[in-house]
Structure formats: structure tokens, C-alpha cells
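A short write-up of the structure that comes next.
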Amino acid sequence: MYGLGIIKGLGITIKHFANTYVEDFKQGIKRYTAEDRFTARQGLEAQGLFTVQYPEEKIAVPERFRYIPFLVVNDDDHPDAPGQPWCTSCGICSKVCPPQCIWIVRSTDPETGRPKPEPQEFYIDIDICMNCGYCAEFCPFDAIKMDHDYEISSYDRTSAHIYDLQKLTKPLSYWRTIAPTRAEEERTAREAKEAAKAEKAKK
Ligand code: SF4
Ligand code: SF4
């Protein structure tokens, strides 16, 4: 019958609308105040409307969510190299970046004048970045990652949106917090690579 799809769609909407009040009645004010209820409201079993009261409430982003990249450094309690950047300033990320919004200046050793494998300056224009994640995919050193922080709007359209080393740098523990599965996979892969290298060197 012509229009049956529209009627079915409206029926689903009305069902969700009514279920919201049923759930409100069953759970009371806790439905909107308790932390675990918020997670349930966003889950697969949720009933009723799913509107989020942003910015008081925020939808949890999935692990593979990607926004502006950040640069990984060792944590401050690292036994050998606290705060050491992982980036070697190889420049691969800036080459593969489709809109070309990464600028890197490599460090030089003040004594020898030779290039040092770490960045002296690193900039990303976050207005141009299209969050594609290519930089993170192609980095051979796992040094650049896609962040989950999407609340970065500001009234300044110029310098505030050019992220420098200070703004881009975050410790490894942060990456482990936002992407535990990926971080663990990467750690295992790195260890396997190191072991293979050591075995080869032994031979
Ligand atoms: S972030 Fe990775 S790809 Fe980019 S310059 Fe540093 S080491 Fe190279
Ligand atoms: S996410 Fe994409 S656009 Fe943004 S800096 Fe990385 S490669 Fe460039």
C-alpha cells in the first residue's frame, strides 16, 4: 500500500517517544543522573529517545574514533628516557598528508651540527586537517596518533588553530587510556619486531 513505509516509520518514532516516558517512570531521576544509566541509555538495549544533553552529557566515542592527531612521548616516569619524543622527524606524515597541513623542522645537534632524529618544531593546522588518519597509519615509529578530543573550538581563527609541539605532545599513557586495544596490539608488534632484529643480529 502506498504510504505504508511512512506509517511504519511514524509508528517506530511514536513507540520510542512513548517508551521514553515508560522508562522515566520505571527508573526515575536516576535515569539521567547516574553514570551507569547514561551508558545504558547509549547501549543496544536502550529504550526510548536517545537524546544527549550536551555539553553536560557526552556520547562515549569508540576506540577507533579519530580527530586531530597528537604526538606520543614517553611518560615522565620512564626509566631510561622520560619525556622522550617518539617522532624521529622523518617527514613521512607530512608527505602523505593529503591537505599538506603538517610542517616539521628537524633538530640539530648543537655540538656537531648534524641532524638529530627528533623534531625541533612540529605544526599542524587543525583547520585544514581533515581527520583522515593517514599520518598515523603511515608513521613507521607509532609516533603520531589520532586523538579523541573534539572540543577544540575557539574564537581565534588564526594562531590558536595552528597546533605546535607543546599542544600536540601527549604521553604514551594517554594513548593507552583512549585506545587500549590498539596500544596493546602496537606494543606486541613492536616487541616481535625487536626480537626478530635481535635474533638476526645474533646470527
Ligand atoms: S610523526 Fe612519525 S611519520 Fe611523522 S615525522 Fe614523526 S616519525 Fe616521521
Ligand atoms: S589526519 Fe590526515 S589531514 Fe590530518 S594531519 Fe593527519 S594526514 Fe593530515
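Would you tally the residues in segment 140-183 being surrounded by 11 or more Cβ atoms within 10 Å (Cβ to Cβ), out of contact with any strand residue (DSSP E or B) (no Cβ under 8 Å at 6 or more places or on another chain) and closer than 14 Å to I124 by Cα? Final tally of qualifying residues: 3. Screening T112 against (1) more than 21 Å from the chain's Cα centre (by Cα); (2) of a type in the set (S, T, N, Q); (3) under 17 Å from D164 (Cβ atoms) leaves a single unmet condition, (3).
I'd like to check which helices (runs of 4 or more DSSP H) are fully inside segment 1-93 and have at least 1 residues that are within 22 Å of D147 (Cα to Cα) and open to solvent by 80 Å² or more (accessible area, probe 1.4 Å). So that I can check it myself, show each step before the final result.
Numbers: elements: 4-27, 30-33, 35-42.
The qualifying helices (runs of 4 or more DSSP H) are 35-42.
Filter segment 94-103 down to residues that are open to solvent by less than 50 Å² (accessible area, probe 1.4 Å) and of a type outside the set (S, T, Y) and give me whichever is nearest to ligand 2 (Cβ to nearest atom). If we take residues in segment 94-103 being open to solvent by less than 50 Å² (accessible area, probe 1.4 Å) and of a type outside the set (S, T, Y), then C97 is nearest to ligand 2 (Cβ to nearest atom). If the condition is being within 8 Å of ligand 1 (Cβ to nearest atom) and among the aromatic types (F, W, Y), then segment 57-100 contributes only W86.
Just so you know, in segment 107-124 the residues that are farther than 25 Å from A183 by Cα and part of a strand (DSSP E or B) include one that is least open to solvent (accessible area, probe 1.4 Å), and it is S107. Summed over segment 101-128, residues that are within 13 Å of ligand 1 (Cβ to nearest atom) and in contact with a helix residue (DSSP H, G or I) (Cβ under 9 Å, 6 or more places away or on another chain) total 10. Scanning for something within 16 Å of ligand 2 (Cβ to nearest atom) and at positive phi, does segment 55-73 turn up at least one residue? Among the residues of segment 55-73, not one is within 16 Å of ligand 2 (Cβ to nearest atom) and at positive phi, which makes the answer no.
The values are calculated or read from the model by the stated rules, or taken from the named source; none is laboratory data. What you are looking at is a predicted structure, and each value in this text was computed from that prediction instead of being measured. Cβ coordinates were reconstructed from backbone atoms using ideal geometry, including for glycine residues, and neighbour counts include every protein chain displayed. Quick note on the areas: whole protein, heavy atoms, side chains included, nothing else; ligands and nucleic acids left out. Shrake-Rupley method; radii C 1.70, N 1.55, O 1.52, S 1.80 Å.
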